[in-house]
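Trainee: One structure is given below, represented as structure tokens, and several questions about it will come after.
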Amino acid sequence: MKTTYKIQSGSRYPPGATPVAGGVNFSIYSQHATQVELLLFESARSPQPFQVIPLEPRGHRSFFFWHVLVVGLPAGTYYAWRIDGPDDPAQSGLRFDREKVLLDPWARAVSDVLWNRQRASEPGDNLEASLRGVVVADGYDWEGDEPLGCHEPEKAVIYELHVEGYTRHPDSGVRHPGTFLGLIEKIPYLKALGVTHVELMPVMAFDRQDVPPGPAALGLGNYWGYSTHSFFSPHPGYCVAEDAAAHRGEFRDLVKALHEAGIGVILDVVFNHTAEGGIGGPTINFKGIGNDTFYHLDPMDRRNYRNYSGVGNTFNCNHPLVARFIIECLEYWVREMHVDGFRFDLASVLSRGEDGQPQYHAPVLWSIEFSEALSGTRIIAEAWDAAGLYQVGDFPGFRWAEWNGRYRDVVRRYVRGDKGLVSEVAMRLSGNSDLYQAQDRSPMNSINFITCHDGFTLQDLVSYNRKHNEGNGEDNRDGSDNELSWNCGTEGETGQEVIRALRHRQTRNFIAILMLSQGVPLLLSGDEVRRTQHGNNNAWCQNNEVGWFDWDLPETNHDMLRFTRLMIAFRRRHACLMHRRFLTGRARDGFRFPDVSWHGISLNKPLWSHDDARVLAFTLGRVKAADEDLHVILNMGTLDLDMPLPENPGRHWYRAVDTACDSPQDLLEPSVQVVQPDLVYVVRSRSVVVFESRKKSHG
């Protein structure tokens, strides 16, 4: 028979389940609760609790928190809550339901082995189909590891990947595919590629069963993970051990291994909404402990949820308790899990006050900005939301970097051949001073990207004019209809060599431009090997070969992998591509070129006012005497052009990059470059060319 444990009053701090001297302290917020019970389970699969502990208001409630110390309780015990109170959603917004088993929002690890979303969404008891937390004890050996911090942010190259999809493919060759431990085995590939950070798509525990009827009927699940229910817990589906008590250790093993390779860890975090959805969604935790606290509710009918996130509910991020919850969560992942930064999904939701209106001085955003524990981390905003709030260039705070959607859009249009964009292209490539300089920010505030998880892959961007999401089960209604793509002449896969060659050139153009831009580049995993999703631009439910990294591709498309790897190395070799401050157009004493000078078909005559212009060239002056000047020519027109090179007395120009050439001539390392014999170079249509200046020939 399982031991029955004695209890003491306990403490309201810290929230969650905390091993202390003499037992485990449990604490949970619920301002309007009238009755609270703690349920203790022998294992994650136990159908019934071995002990139910009622909490009396006298002795077990302090202000808005209910708490108890369970004497002698060991770590590894599973637990959940039942909470009763007013059920009056229309008037008060409260949705207490004593029959529902609730997951602790502060749980450090959770189990979903019994979880059934439908049972939590309909009336009645869901004890035998509930999520459970587990009491975890520390003692992990970090072996001296510390977060890498955000030193030299200008040198960062971020690589966005999906933990499961990166190693789930049958050809991945890892021992534990689809897990944190499986990803460790791919670190040599990441290191060889040259990226400095991985940006992990959601790894906080989420609900795979959160899918609408169409995808559900096809047997699809929530693959991407933008459906968080437990913000302090690693996702159990990415762990090898069934025992949730071991999950933190597996995630920490990944972080430690990445740090050992010199690679930082950025988490994609989803504080704009939760897995509970709107009306009709399940009661998991927040609805059952304080629905009116944690969510934006319609003031006219508080049964309804405001939906700035586009997925049913919106987290009430600037309520004092919720803001504190978010800050504690972020600081936990830095202190206890050693992560190096965060990318905030639909971050503009976090700027909305409790009335739903945007606030420049949004408390949660400035608390993140000023947190001492977070001061060494990268904080990155997806600076828009699903209700039309767009804050690229104007996101609250100074330290925040932003996913630069304006950069993405203009570069996509330019490379597909749109005319009259050279002025804005120059602005985007030179650091986006129009967005950030007046606020005393820097080029580092711009996260430059061409593609990300949301939308076409790079290969699909040059292969499809329209989305092909029929496999998602929603009649192709989902996903963006405005990808700014060009299929190079025919839709989808083709055997026409002319089109295939053009697509390959276009993918090289995109990678080259990304790595030649001031700011911080972000690369979508798989773009370096031309991974395709066959035109699906919203693969959120595709936990299959559509959404997985195909590990045959590094060999099949080794030339693209080589080009990307060498372009990353090229960028990191040239300080003039990684300025901390905005370019001035002025030359330093003793240097031939200013930090930037702009050209068109003729030197020093950029085509700013030409509506049909598709040619842009620029020269970047070296930062130090031992460095190299760069001369870059972008020709996205349909004609080959004789392009002049600027005179550079005492130095020679060497061609480093020409995307119109086949591999390995498309990118030459210094040891095999040769002197450019004259000051004119034929730049072929739809290509990027880069020259380096040096005093002596190499090789």
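We did not get these values from a lab; they are worked out from the coordinates using the rules stated. The shown structure was predicted, so the numbers you read here are calculated from the model rather than taken from an experiment. Here Cβ is always computed from backbone atoms with ideal geometry, including for glycine, and neighbour counts include all displayed protein chains.
Trainee: Tell me which residues come under 5 Å, amide H to amide H, from GLN676 once H is placed; ignore anything under 5 positions away on its chain.
Mentor: Amide H neighbours of GLN676, under 5 Å, 5+ apart: TRP653, TYR654, ARG655.
Trainee: How high is the relative contact order of segment 59-107, in percent, counting Cα pairs under 8 Å that sit 6 or more residues apart?
Mentor: Numbers: 39 pairs, mean separation 13.7, N = 49.
Over segment 59-107, the number comes to 28 percent.
Trainee: Taking K and R as +1 and D and E as -1, what net charge do the other residues with C-beta under 11 Å from the C-beta of LEU553 add up to?
Mentor: Once positives and negatives cancel, what remains is -4.
Trainee: Order by neighbour count: VAL683, VAL240, fewest other Cβ atoms within 10 Å first, most last. Write down the numbers at each step before the final one.
Mentor: Details: VAL683 23, VAL240 14.
Least crowded to most crowded, the residues run VAL240, VAL683.
Trainee: Taking amide H positions as placed in the peptide plane 1.01 Å from N, state which residues far from GLU402 in sequence (5 or more) or on other chains have amide H under 5 Å from it.
Mentor: Amide H to amide H, under 5 Å and 5 or more residues apart or across chains, GLU402 pairs with ALA381, SER446, ILE447.
Trainee: Still on this model: What angle do you read, to the nearest 10 degrees and between 0 and 90, between the alpha-carbon axis of helix 497-515 and the longest principal axis of the chain?
Mentor: 70 degrees
Trainee: Per the helix-only calculation at 222 nm, which mean residue ellipticity applies to the chain, given -39500 (n - 2.57) for every DSSP H run of n ≥ 4 and division by its residues, nearest 500 deg cm²/dmol?
Mentor: Details: 17 runs with 145 residues, N = 699.
My calculation for the chain gives -5500 deg cm²/dmol from helical runs alone.
Trainee: If you average the alpha carbon positions of segment 629-665 and of segment 89-113, how far apart do those two centres end up, in angstrom?
Mentor: Their Cα centres are 61 Å away from one another.
Trainee: Further question on the same structure: Roughly how many debye, to the nearest 20, is the charge dipole of segment 209-331 about its Cα centre, given +1 on each Lys and Arg Cβ, -1 on each Asp and Glu Cβ, and no other charges? Let's see the in-between values first.
Mentor: Numbers: 8 positive and 13 negative charges, 60 e Å.
Dipole of segment 209-331, to the nearest 20 debye: 280 debye.
Trainee: Considering the dipole of the chain built from charges on the beta carbon (Lys and Arg +1, Asp and Glu -1) around the Cα centre, which of PHE231, TYR189, LEU566 is farthest to its positive end?
Mentor: Farthest towards the positive end: LEU566.
Trainee: Could you compute the net charge surrounding THR494? Neighbours are other residues with a C-beta less than 11 Å from the C-beta of THR494; K and R count +1, D and E count -1. Don't skip to the answer; put the middle values down first.
Mentor: On the way: positive: ARG500, ARG503; negative: GLU491, GLU493, GLU497.
Once all neighbours under 11 Å are counted, the net charge is -1.
Trainee: So, one more: Pull out a ≥ b ≥ c, the square roots of the eigenvalues of the alpha-carbon gyration tensor of segment 7-134, then state rounded if a/c is under 1.5, prolate if not and a/b is larger than b/c, and oblate in the remaining case.
Mentor: Since a/c reaches 1.5 but b/c is at least a/b, the shape of segment 7-134 is classed as oblate.
Trainee: Now a separate question. Going Cα to Cα from LYS695, which aspartates and glutamates come in below 18 Å? Please leave out same-chain ones fewer than 8 positions away.
Mentor: ASP627, GLU628, ASP629, GLU647, GLU669, ASP678
Trainee: Given axes a ≥ b ≥ c from the Cα gyration tensor, I'd like to know whether segment 531-675 is rounded (a/c under 1.5), prolate (a/b larger than b/c) or oblate.
Mentor: Numbers: a/c = 2.01, a/b = 1.71, b/c = 1.18.
Prolate is the answer for segment 531-675, as a/c is 1.5 or above and a/b outweighs b/c.
Trainee: Order 478-489, 34-45, 137-148 from most to least packed using the mean count of other Cβ atoms within 10 Å. Spell out each step's value before the answer.
Mentor: Details: 478-489: 16.6, 34-45: 18.8, 137-148: 12.3.
Final packing ranking: 34-45, 478-489, 137-148.
Trainee: Can I ask one more? Could you tell me the distance between the Cα centroids of segment 185-214 and segment 492-531, to the nearest Å?
Mentor: Spelled out, the Cα-based centre of one part sits 21 Å from the other.
Trainee: Can you classify segment 317-419 as rounded, prolate or oblate using the Cα gyration tensor, where a ≥ b ≥ c are the square roots of its eigenvalues, rounded means a/c under 1.5, and otherwise it's prolate if a/b beats b/c and oblate if not? Don't skip to the answer; put the middle values down first.
Mentor: Values: a/c = 2.74, a/b = 1.55, b/c = 1.77.
It is oblate, given that a/c is not under 1.5 and a/b is not larger than b/c.
Trainee: In terms of Cα to Cα distance under 30 Å, which lysines are near enough to LYS2, apart from those fewer than 8 places away along the same chain?
Mentor: The qualifying lysines are LYS100.
Trainee: Any idea what angle helix 405-416 forms with the longest principal axis of the chain, computed on alpha-carbon atoms, 0 to 90 degrees, nearest 10?
Mentor: 40 degrees
Trainee: Can you tell me the orientation of helix 558-573 relative to the chain, as the angle in degrees between its alpha-carbon axis and the longest Cα principal axis, to the nearest 10?
Mentor: So the helix axis and the longest Cα principal axis differ by about 90 degrees.
Trainee: Let me ask something additional. Suppose every Lys and Arg Cβ carries +1 and every Asp and Glu Cβ carries -1, with no other charges. What dipole size does segment 584-694 come out with about its Cα centre, to the nearest 20 debye? Don't jump to the answer; show the numbers that get you there.
Mentor: Details: 12 positive and 16 negative charges, 66 e Å.
In total the dipole reaches around 320 debye.
Trainee: May I ask which of LYS191/LYS624; LYS191/LYS256; LYS155/LYS186; LYS155/LYS256; LYS186/LYS256 have a Cα-Cα span longer than 25 Å here? Walk me through the intermediate numbers first.
Mentor: Values: LYS191/LYS624 27 Å; LYS191/LYS256 14 Å; LYS155/LYS186 22 Å; LYS155/LYS256 21 Å; LYS186/LYS256 14 Å.
In this structure, LYS191/LYS624 lie more than 25 Å apart at Cα.
Trainee: List the relative contact order of segment 517-611 as a percent without decimals, with contacts defined as Cα pairs under 8 Å and 6+ residues apart. Don't jump to the answer; show the numbers that get you there.
Mentor: Details: 63 pairs, mean separation 19.0, N = 95.
Rounded, it is 20 percent for segment 517-611.
Trainee: Take HIS162, HIS610 and order them by how many other Cβ atoms sit within 10 Å, fewest up front.
Mentor: HIS610, HIS162
Trainee: Show me, for segment 672-689, the HN-Hα J-couplings you get by feeding each phi into the Karplus relation (A = 6.51, B = -1.76, C = 1.60, θ = phi - 60°), rounded to Hz, glycine and proline as x.
Mentor: 10, 6, 10, 5, 6, x, 9, 9, 9, 9, 7, 9, 6, 4, 6, 8, 10, 10
Trainee: Give me the net charge of ALA44's neighbourhood, meaning all other residues with Cβ under 13 Å from the Cβ of ALA44; Lys, Arg count +1, Asp, Glu -1. Working shown, then result.
Mentor: Values: positive: ARG45, ARG132; negative: GLU42, ASP112, GLU128, GLU242, ASP243.
Net of charged neighbours comes to -3.
Trainee: Going 7 Å from the Cα of TRP608 toward and past its Cβ, which residues in segment 559-592 have a backbone nitrogen under 16 Å from where you end up?
Mentor: From segment 559-592, the list is 583-586.
Trainee: Could you state the number of Å between the C-alpha centres of segment 594-610 and segment 240-286?
Mentor: Computed from Cα coordinates, the inter-centre distance equals 48 Å.
Trainee: Restricting to Cα pairs below 8 Å that are 6+ residues apart, what does the relative contact order work out to for the chain? Please round to a whole percent. Walk me through the numbers before you get to the answer.
Mentor: On the way: 1652 pairs, mean separation 70.4, N = 699.
In percent, rounded to a whole number, it is 10.
Trainee: Moving to a separate point now. For the chain, what is the charge dipole size about the Cα centre, in debye to the nearest 20, if Lys and Arg each add +1 at the Cβ and Asp and Glu each add -1 at the Cβ? Mind dumping the intermediate values first?
Mentor: Values: 71 positive and 89 negative charges, 295 e Å.
In debye, rounded to 20, the chain gives about 1420.
Trainee: Right, here's the next one. Report, by chain and number, residues whose modeled amide H sits under 5 Å from the one on ARG132, excluding near sequence neighbours (fewer than 5 apart, same chain).
Mentor: For ARG132, whose amide H was placed from the backbone, the distant partners under 5 Å are SER111.
Trainee: For the chain, take the alpha-carbon Rg, divide it by the Kirkwood Rh, and send me Rg/Rh.
Mentor: Numbers: Rg = 27.2 Å, Rh = 26.9 Å.
We get a ratio of 1.01 for the chain.
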